[in-house]
Structures are given as structure tokens and as C-alpha cells.
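This report concerns only the one structure given below.
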Amino acid sequence: MPLVLLAQVSSSNSRVAIAWDFLGPCGVRILSMEAESATRVPRVRDVNRPPAPKWQIGEVVDVIVETPETNTLRIQLAEPTPYSAGQYFNIRIPVEGRPRPIQRAYSVGSSPTDGLDAIEVGIRETEGGLVSPVLVRQTSVGSQLEVRGPYGEFTWTEAIPGPVLLIGAGSGVVPLKSIIRYASHKGLSVPMHLLFSSKSAEFAIYLEELAKLEAEEDWLTVDHTFTRDSGDTRAKYHRRIDKEMISEVYRISEPAIAFICGPPEMVEEAESTLVGLGMDPALVKTEKYD
Ligand SMILES: Cc1cc2nc3c(=O)[nH]c(=O)nc-3n(C[C@H](O)[C@H](O)[C@H](O)COP(=O)(O)OP(=O)(O)OC[C@H]3O[C@@H](n4cnc5c(N)ncnc54)[C@H](O)[C@@H]3O)c2cc1C
């Protein structure tokens, strides 16, 4: 009586049917062998997920000094790379004494509407850091950097209803400026209100660009708070971002969605304040610069 074995070869998804009978101590005799190739059903994840970003070489084509500790690097990409306003890229550089390059995340301050063949990152030097001092102090036009992205869910498009409240501290303004720039380039009129904390006007990243955008766009309000300059009238507030400040801005802007970016402590406090004021936690998006 022949025996039939049906086996599935998982890597190829093919099925093989083998029929054989026993020939006593001599072994077995194969009677038939049929292979059937099963149609591979692609998983939903394969179809919808964009390919994972790959490292590519970017060339620095412009360096803009924003503040004494922050530079914008305009990086020409080897491959035009689609991204959304608010996303970030990783940059890795060789560091002396380290066997492998060290990577850090940097938000994109430009907007996809600026073109997809280059990104602008705003990098603040962290004293004693491994990567940011090199990117701010030792990187110039012509420098080549390894970049990979985009990443992140901290994004906004016109498909998401406003008004939009944006809260940032220090370099946390970078992705928020990308969102504002995107809305401006697209000619949108969704109300946006930015609350932005810096040490002083001298350290406020994009100070002039934000002032220009606010003057041009009647849907945009920019409120500065300067923590170390109580006399500068360009700032509405002169202290760290706190509950009272957020509550006041919240009442004025009546946001449908909020984006908070910067040091983890500030982000967490602002988030819990907005939720305490009645915002749906799912509509309070955060990006922490750990
Ligand atoms: C999603 C995301 C987006 C970001 N976007 C931006 C952006 O747009 N712009 C920006 O400027 N930053 C951004 N950051 C922060 C950035 O990724 C880096 O964390 C930052 O630049 C510091 O990196 P570094 O290598 O210079 O410092 P690190 O080497 O990471 O050091 C950070 C600090 O820790 C101290 N330290 C390190 N090791 C030790 C140790 N062993 N003992 C004691 N102290 C130590 C250092 O002295 C330094 O003060 C982002 C972060 C995230 C997560």
C-alpha cells in the first residue's frame, strides 16, 4: 500500500506530494512526486508600508548661522526623498575613539514643498555632546554626511483639522517651523498659534523668518517667551513655559490639535496641561528631544 507525504516548503510556499512504497530491507521506491506552486498572497503590511529608509550620502550645500549655538545645514540628498512636515532624519558621523559611526535624530525645518532633493536641519550645539558640536562647529559647505529618513508621526497636513496649537522650546521649534512653512507654501488659512520659548531674542531660532511669516499670514500668531531677558518687548512672556501661559494661549487659540516639541520635561508638562484643559490626548502630539 503506497504512502503519500504532503509537505509544504515554507520559503517558496510550494507544496510537494511524494508517494512511495516499502521494498522491505532494500528501502523505499518513489512512485510519484508532484510539485504545486501555491500563489503567494501578499500580506497587507507588504503592500502599504513604504520601504524602510536607507542611509544615503548628503552634501552640505549651505550653512545658515541661526543663533550663537544653532546652525541650519541645508543638505543636498543623493536620492530625492519624500517626507512630511514635522518628520526627522537620522544623521551619523564617525567619532574618534568609537568603532562605529554615532547617529542622532534631527527634525527637518524645511517643508516638502521646498523640494524633495534637499532638507534643512536646525542643529543646536549640546555642550559636551558627541555629534551636535561637530555638526555645528566643524561642518561646512561641501561636507558629506550620512543621512537616513524620514521618520516620525509628529506630522501635520491640511487633512487634519485646525486650529493648530504649536508649543516649542529651543530647537524644538524646528519641526513646528516646517509645519508653518508647509501651510504658508500651500496657501492654507488654517489658524496656527505658536508659543515658542528661548533664552532671549539672540537665541531664538528662526526669529526673523517667523516674524516675516507672521506679518504675511493673517492665520498665524507667534508668541515668544524669553526666559533670560525680561525687558525685550518682542516677547509676550518672560518666563519658562508654565500652566498659566499654556492655559492663556489655549483659550485664545481654541485648538483642535496641538503639537509640542522640545525637552522632555517641558513636553510632558505642556501635554498634561492641555489634557487637563479638556483636549483629547490623541490630539496632543509630542516629540521629545531626549
Ligand atoms: C526625534 C528627535 C528629533 C530631534 N531633533 C533635533 C533638532 O531638530 N535639533 C537639535 O538640535 N536636536 C534635535 N534632537 C536632539 C538630538 O538628536 C541630539 O540628542 C542632540 O543633538 C545631542 O546629541 P549629541 O551627540 O551632541 O550629545 P550626546 O552625546 O547625546 O550628549 C548629550 C548630553 O549628555 C552628556 N553626556 C553624554 N554622555 C555622558 C556621560 N557618559 N556622562 C555624563 N554626561 C554625558 C553630554 O555632555 C551632553 O551634555 C532631536 C532628538 C529626537 C529624539
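All of the numbers you see were taken from the coordinates with simple rules; none came from a lab. Given the structure is predicted, the values throughout are model-derived calculations rather than measurements. Because the Cβ atoms are built from the backbone with ideal geometry, glycine has one as well, and the counts that use them run over all protein chains shown.
Quick notes on this one:
- With each label modelled as a point 7 angstrom along the Cα→C-beta vector, the residue 95-residue 64 pair spans 2.8 nm.
- One chain, two ends: residue 160 and residue 248. Fully extended at 0.36 nm per residue, the span grows by 29.3 nm beyond their Cα-Cα distance.
- Sites residue 230 and residue 76, calculated FRET efficiency, Cβ-Cβ separation with R0 45 Å, nearest 0.05: 0.60
- In this label model, residue 105 and residue 153 are separated by 1.2 nm, measuring between points 7 Å along each Cα→Cβ vector.
- Distance violations [Cα-Cα > 29 Å] among 54/212; 236/285; 186/243: 54/212; 186/243
- Ranked packing of 250-261, 134-145, most packed first, by mean Cβ within 10 Å: 250-261, 134-145
- Counting charges near residue 227 (Lys, Arg +1; Asp, Glu -1) among other residues having Cβ under 9 Å from its Cβ returns a value of +3.
- Separation between Cα centres of the range 60-106 and the range 244-261, rounded to whole Å: 30
- Net charge contributed by nearby residues that have their C-beta within less than 15 Å of residue 162 (K/R +1, D/E -1): -3
- Each peptide in 98-105, 231-238 was scored by the mean count of other Cβ atoms within 10 Å over its residues; highest first, the order is 231-238, 98-105.
- Under 14 Å from residue 288, Cα to Cα: aspartates and glutamates that are on another chain or at least 8 residues apart: 153, 265, 268, 269, 271
- Label-reachable residues, the range 85-106, where backbone N falls under 18 Å from a point 7 Å from residue 130's Cα toward its Cβ: 90-106
- Where a label projected 7 Å from the Cα of residue 290 along Cα→Cβ would reach, residues of the range 241-266 with amide N under 13 Å: 264-265
- Within the shell defined by Cβ-Cβ distances under 10 Å, the residues around residue 90 carry a net charge of +2, with Lys and Arg each +1 and Asp and Glu each -1.
- From phi via Karplus (6.51, -1.76, 1.60), per-residue ³J(HN,Hα) for the range 162-176 in Hz, x at Gly/Pro: x, x, 10, 9, 10, 10, x, 10, x, 6, x, 6, 4, x, 5
- Each of the peptides 168-180, 266-278, 52-64 was scored by the mean count of other Cβ atoms within 10 Å over its residues; in descending order, highest first, they stand as 168-180, 266-278, 52-64.
- Maximal additional length on extending the residue 280-residue 215 stretch stands at 20.3 nm, based on 0.36 nm per residue less the C-alpha distance.
- The stretch between residue 138 and residue 113, if pulled fully straight at 0.36 nm per residue, gains 6.1 nm over its current Cα-Cα span.
- The range 164-288: relative contact order in percent, alpha carbon pairs under 8 Å with at least 6 residues between: 28
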